[in-house]
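Below is one structure, written out as structure tokens, with a few remarks after it.
The values are calculated or read from the model by the stated rules, or taken from the named source; none is laboratory data. Remember, predicted model here, so these are calculated numbers, not experimental data. Every residue, glycine among them, receives a Cβ derived from its backbone with ideal geometry; neighbour counts consider all protein chains shown. What goes into the accessible areas is simple: the full protein's heavy atoms, side chains included, and nothing from ligands, DNA or RNA. Shrake-Rupley method; radii C 1.70, N 1.55, O 1.52, S 1.80 Å.
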Amino acid sequence: MDTAVFRDMSYGVYIVSTLDGERPTGCIANSIMQITSSPATIAVSINHDNYTNGCIAKTGKFAFSILAERSDTGLIGNFGFRSGKDEDKFQSVDYETVQGIPVVKGTCGYVVCRVVDKMETATHTVFLGEVLDGGVYEGMGDAMTYAYYHKVVKGKSPKNAPTYLPEKSEKADLAAGEKPQNDGGQEKYVCQVCGYAHEGALPEGFKCPVCGVGTDRFKKAE
């Protein structure tokens, strides 16, 4: 089966948030959809290995904040490539509390849900949530799509994401008759944490715009 077909399916990019006791926590998700309109019900898929999964189960509530194309891309690195078990992801994040659950500002808006059911798969839990509240943050523009994240932000999916697919190597691309991505002769450096690809030499003091790591975590593409 050619799993590349899954890349043509449409997804958004969201921060799913809940509580770890009294401490806010959360993770990046892209598999969220509205199931019904009355009562409004949302389904979200969270990997069993994500710390957020168990926190949602214990709290019985979750929210999701809809990332915008203008949102700080550092939010993706913070919530997508770090564990809430070890770090306070909300420490440097602008957020507010709605219905007792943290929601992230600097996004298109948020939806807060109460868990009403769940379904277990081999790797993920699909939580069904009845909507309790929702709001819009004005002036953020278009919502970020998964395609935008890959093509413009140039990031890759965390391995726990429902839509994660192993990236093809450049050698495999060449074997398939594709041109190398940096065939213009310009060097390319790839972040080994989040997959962000930087064209050209890395400036002194450069930080990854997605996950914030330094140049020591970048590797020159072959």
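Picking from residues in the stretch 58-88 that are closer than 23 Å to LYS118 by Cβ and in a loop (DSSP other than H, G, I, E, B), the one that is modelled with the highest pLDDT is GLY60. Among the conditions (1) open to solvent by 20 Å² or more (accessible area, probe 1.4 Å); (2) touching a strand residue (DSSP E or B) at 6+ places or on another chain (Cβ under 9 Å); (3) farther than 30 Å from ALA197 by Cα, the only one that THR123 does not satisfy is (3).
Results for (1) part of a loop (DSSP other than H, G, I, E, B); (2) of a type outside the set (Lys, Arg); (3) modelled with pLDDT under 85, shown as yes or no for each residue.
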position	(1), (2), (3)
GLY139	yes, yes, no
LYS156	yes, no, yes
LEU174	no, yes, yes
GLU178	yes, yes, yes
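List the strands (runs of 3 or more DSSP E) that sit entirely inside the stretch 1-55 and contain at least 1 residues that are under 24 Å from GLY134 (Cα atoms) and of a type in the set (D, E, K, R). It comes to 14-20, 23-29.
Please enumerate the residues belonging to the stretch 182-210 that are closer than 11 Å to GLU222 by Cβ and either modelled with pLDDT under 80 or among the aromatic types (Phe, Trp, Tyr) (or both). ASN182 - this is the single residue of the stretch 182-210 that is closer than 11 Å to GLU222 by Cβ and either modelled with pLDDT under 80 or among the aromatic types (Phe, Trp, Tyr) (or both).
Going through (1) touching a residue at least 60 places away in the same chain (Cβ under 8 Å); (2) surrounded by fewer than 16 Cβ atoms within 10 Å (Cβ to Cβ); (3) assigned to a loop (DSSP other than H, G, I, E, B) one by one, GLN91 falls short only on (1).
The one condition from (1) over 14 Å from SER17 (Cβ atoms); (2) open to solvent by 50 Å² or more (accessible area, probe 1.4 Å); (3) without any contact (Cβ under 8 Å) to a residue 60 or more places away in the chain that LYS118 does not meet is (3). In the stretch 197-216, the residue that is farthest from VAL152 (Cα to Cα) out of those that are part of a strand (DSSP E or B) and under 22 Å from the mean Cα position of the chain (by Cα) is GLY214.
GLY100 passes every criterion in (1) modelled with pLDDT under 95; (2) at positive phi apart from (1). Scanning the stretch 22-33 for residues that are modelled with pLDDT of 95 or more and either polar (S, T, N, Q) or more than 18 Å from the chain's Cα centre (by Cα) (or both) returns ARG23, THR25. Being crowded, with 24+ Cβ neighbours inside 10 Å and among the aliphatic types (A, V, I, L, M) is a property that does not hold for ALA57.
In the stretch 79-96, the condition of being within 13 Å of TYR14 (Cα to Cα) and under 15 Å from the mean Cα position of the chain (by Cα) is met by at least one residue.
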